[in-house]
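Step one of this worksheet: look at the structure below.
The values are calculated or read from the model by the stated rules, or taken from the named source; none is laboratory data. All values derive from a computational prediction rather than experimental measurement. Neighbour counts run over all protein chains shown; Cβ positions are idealised from the backbone, glycine included. To get the accessible areas, we keep the full protein, side chains included, count just its heavy atoms, and leave off ligands, DNA and RNA. Shrake-Rupley method; radii C 1.70, N 1.55, O 1.52, S 1.80 Å.
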Amino acid sequence: RQVAIVSIMSMAELLKSAFHFNFRSNLLTAVIRPMNHPLVGDHCCSAIAYVFAKDVQGEVALEASRQVSKMIQNRNFKIRPAVLKTFLSLPLRVHVDEAQAAKLASKANAKKRKKDKELASIEADMKEGEATVDKILLARNQSDMLQAVTLTYFRILKSDNLQAMEDVLPVALAGLAKFAHLINIDTVKDLLAVLKDLLKNVDLLPLDAALNCILTAFQTLQGPGQELKIDQKEYVVPLYSQIARITTKENSLKHTEILLKCLSAAFLKQKEFSNVRVAAFVKQILSAAIHSPSYTAVPLLAFVRQMMQRYPSAQQLLENENDVITSGEYTPDVIDPEQSNPFATSGWELSTLRFHIHGEIASQAKAAATSKMLQLPLENPDRMRSQALEDAGMLYIPFHLSSVKRHPLAEKAGDGNKKKRARFIKPREYKSKFEDEDTTMSELVVPHRFKHKIPN
């Protein structure tokens, strides 16, 4: 058994170092089969991910992606999430329509080569000597890879038993969120229909699966689905209920980045015309920030500042409740954020967070309460998130020193070169009635500088 494990790991390393080997098909088969094994699976997955990322022409990556998709289907999708994560290493950049144009161009070139076989053989030899990337071949390979990968993802999403796929469902949705802008308009309709069915029970899904489902929908509608003119409210409403789930420590560590991407796609990359919906999301984010760890609260507060700059109507939450005339009560636990009546309350969380022990939280809350302009890229939410995570890992809490009054006996700036002189208290001088005489009794008793009256 140990010899088998070592041999598989050796073949995985050989595939990494020479994936253009003549017997690469045999190597790929030997490495892809044990990808789901608990002992050598991680090593095999890393080798396949390396091939996906480093293959410039795309021929080996296409062959590997087809074999991985076939292996997943043969196992009835009962695989480890690491196997499906290897597809995320594919550098797919070619749209399906561009790939179709590349295929037509390659067919036209093939017809020309048939007429002149000698010229075709000379061109083939010249291409091998130049060692350059054939763009037409690369586009065709990437199109076939995209088809194989999206087909695998769709089979997982359309499975009858989604509960048995709780582990691979978030990975499949993450892959669709990454490659959704490359699919064509016909596939977009099927994808949105599947996502709509999943979001009907969004609270039953794991948080990463729910957020990736929403992110996939946004990226699809902002990419190839722009022409469909679909109202994005169907995907904004489920996002509202997922903000409160980020407050736990585990979810804050793993899923804050996905939540920020969803919020950015919903409110920053497009214009939201409902002021009530914007205010409801701002209030919900503030409520989540006050209960979250520092590495989640800091980027959420920075995002609130971005929203208040883009939507000035949300600054009404900064006013006192007594100064605003509203009717009804604020109900944050409704399904539709437009029914929460956010303008009946205020962003009181900012006044509390201004006195937080974490200095960055306090400064962000103070800046949000005073409508201070966000300084990008220094105060980018993603950047502040990574910095807060690093500080939390080192158990470091940044703080800002308040203005301290200078002690009256402390040295002034620039007094370091001066000589230090002792400070003495001058004694009080008393006038004597014998001052006009040459010699007095007081001068005989005490020195001249300590003149005082001697009692009789």
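Assorted remarks:
- Per-residue SASA entry for Phe179, accessible area with 1.4 Å probe, Å² rounded to 10: 10 Å²
- The Kirkwood hydrodynamic radius of region 287-384, based on inverse pair distances between different Cα atoms, is 14.2 Å.
- Efficiency of FRET between Gln375 and Asn275 - r from beta-carbon atoms, R0 22 angstrom, step 0.05: 0.25
- Packing-based order for 46-56, 68-78, 214-224, using average beta carbon neighbours within 10 Å, highest first: 214-224, 46-56, 68-78
- On the principal axes of its alpha-carbon atoms, region 231-400 has extents of 47, 34, 27 Å, going from largest to smallest.
- Heavy-atom accessible surface of region 231-400, averaged per residue, reaches 49 Å², computed with a 1.4 Å probe.
- Region 188-215-region 265-342 distance, computed between alpha-carbon centres (Å): 23 Å
- At an R0 of 41 angstrom, the distance between the Cβ atoms of Val334 and Ala53 translates into a FRET efficiency of 0.35.
- A Förster distance of 30 Å, applied to the separation of the beta-carbon atoms of Ser313 and Glu390, puts the FRET efficiency at 0.25.
- When each of Lys78/Lys158; Lys54/Lys254; Lys196/Lys269; Lys189/Lys254; Lys158/Lys261 is checked by Cα-Cα distance, pairs over 19 Å: Lys54/Lys254; Lys196/Lys269; Lys189/Lys254; Lys158/Lys261
- Ordering of 10-16, 228-234, 293-299, 144-150 by packing [mean C-beta count within 10 Å, highest first]: 293-299, 144-150, 10-16, 228-234
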